[in-house]
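Have a look at the structure below, then the notes.
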Amino acid sequence: MNHWFDAHNHLQDPRLGDAASVVSAMREAGVGRCVVNATREDDWENVSKLAVDYADFVIPAYGIHPWHAHTASDGWQDRLRKLLKENPHASIGECGLDRWVESPEIEVQRPIFLDQLAIARELDRTVTIHCLKAWGPLFDAFQESPPPRRFLMHSYHGSIETARQLLEMGAWFSFSGHFLQERKSSVRDTFRQLPHDRILLETDAPDMLPPADAITHPLPSGCNHPANLPSIGRRLGASLERPDIAALTRRNAERCFGFRSPLGNDLPPPAAAGRLRGS
């Protein structure tokens with residue numbers, strides 16, 4: 001049964017090679033669906049093509065990554081709206097803020113991020129957020145342009161205290177295989193404390209390579225194959241003591257991205273959804 005859901009990858013990335021063979025390997029491994037995130041305007045068309053070619057498998061996400069904020073061209077907001085309206089299942093991503101990189105500066109990233117948040121609210125779409133060494137600027141941005149009612153903190157590596165604030169705002173959190181590295185034990189501890197109904201799985205392929213003993217589908221040059229997802233998931237499931245991790249994270253992903261239940265009726269009240277385990 002294809003029951004694993006990859007909540008965040010970049011299947012359009014040329015480092016992964018031929019999409020047909022990658023998708024075939026994912027299906028054989030048991031992955032049933034994935035969200036493919038664009039990173040800049042130049043790959044919106046490639047993500048759209050994947051969503052057409054693999055309509056039962058690829059869910060598109062269109063956005064401008066903070067590393068590419070300086071590439072945004074005049075009128076990108078209207079083009080993004082058009083893509084989203086053409087595909088009611090599409091979300092916005094990958095976008096966010098990043099102070100790990102020196103360029104583009106966060107002053108360049110911020111207005112691009114704010115506009116994507118505004119469009120997500122306007123069209124009631126989930127937004128996938130990248131945040132690296134920029135938690136203060138992220139919350140400052142939310143003061144100016146609040147997130148939509150559903151948003152995913154992808155490859156979440158923040159503290160449980162930060163997660164508590166984000167949960168109250170409607171956040172979900174995805175776990176990637178890189179955090180199976182022994183030195184990332186604090187991230188796994190945070191996920192053990194999160195509400196299990198707010199946890200998703202992702203590969204961030206071709207990046208965020210898991211440790212060698214979790215790699216089932218090796219690629220050259222240290223790239224991460226998205227078919228590694230079940231191996232990553234089983235290890236997270238063992239850490240959380242959730243043998244049902246595949247079904248759990250698939251249901252969570254469907255709710256996070258607005259599938260199955262009618263929009264407006266698929267979320268529990270914030271107080272119920274945001275309670276931390278052990279709190």
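The values are calculated or read from the model by the stated rules, or taken from the named source; none is laboratory data. Keep in mind the model is a prediction, meaning the values are calculated, not measured. Positions of Cβ are backbone-derived with ideal geometry, glycine not excepted, and every protein chain shown enters the neighbour counts. All accessible areas refer to the heavy atoms of the entire protein, side chains included, with ligands and DNA or RNA removed. Shrake-Rupley method; radii C 1.70, N 1.55, O 1.52, S 1.80 Å.
Could you say whether any residue in the range 32-49 is open to solvent by 40 Å² or more (accessible area, probe 1.4 Å), within 28 Å of residue 225 (Cα to Cα) and assigned to a loop (DSSP other than H, G, I, E, B)?
yes
Taking the range 153-178, which residues are farther than 19 Å from residue 248 by Cα and out of contact with any strand residue (DSSP E or B) (no Cβ under 7 Å at 6 or more places or on another chain)?
If the condition is that a residue be farther than 19 Å from residue 248 by Cα and out of contact with any strand residue (DSSP E or B) (no Cβ under 7 Å at 6 or more places or on another chain), then 157, 158, 159, 160, 161, 162, 164, 165, 168, 169, 178 are the ones that fit.
With under 20 Å from residue 255 (Cβ atoms), free of Cβ contacts under 8 Å to residues at least 60 places away in the same chain and surrounded by 18 or more Cβ atoms within 10 Å (Cβ to Cβ) as the only criterion, which of 147, 210 stands out?
Just one listed residue meets the conditions, 147.
On the basis of being in contact (Cβ under 8 Å) with a residue 24 or more places away in the chain and surrounded by 21 or more Cβ atoms within 10 Å (Cβ to Cβ), does residue 106 make the cut?
no
Identify, please: which residue in the range 65-95 is part of a loop (DSSP other than H, G, I, E, B) and exposed (fewer than 14 other Cβ atoms within 10 Å of the Cβ) and is, among those, nearest to the chain's Cα centre (by Cα)?
Per the criteria, the residue is 88.
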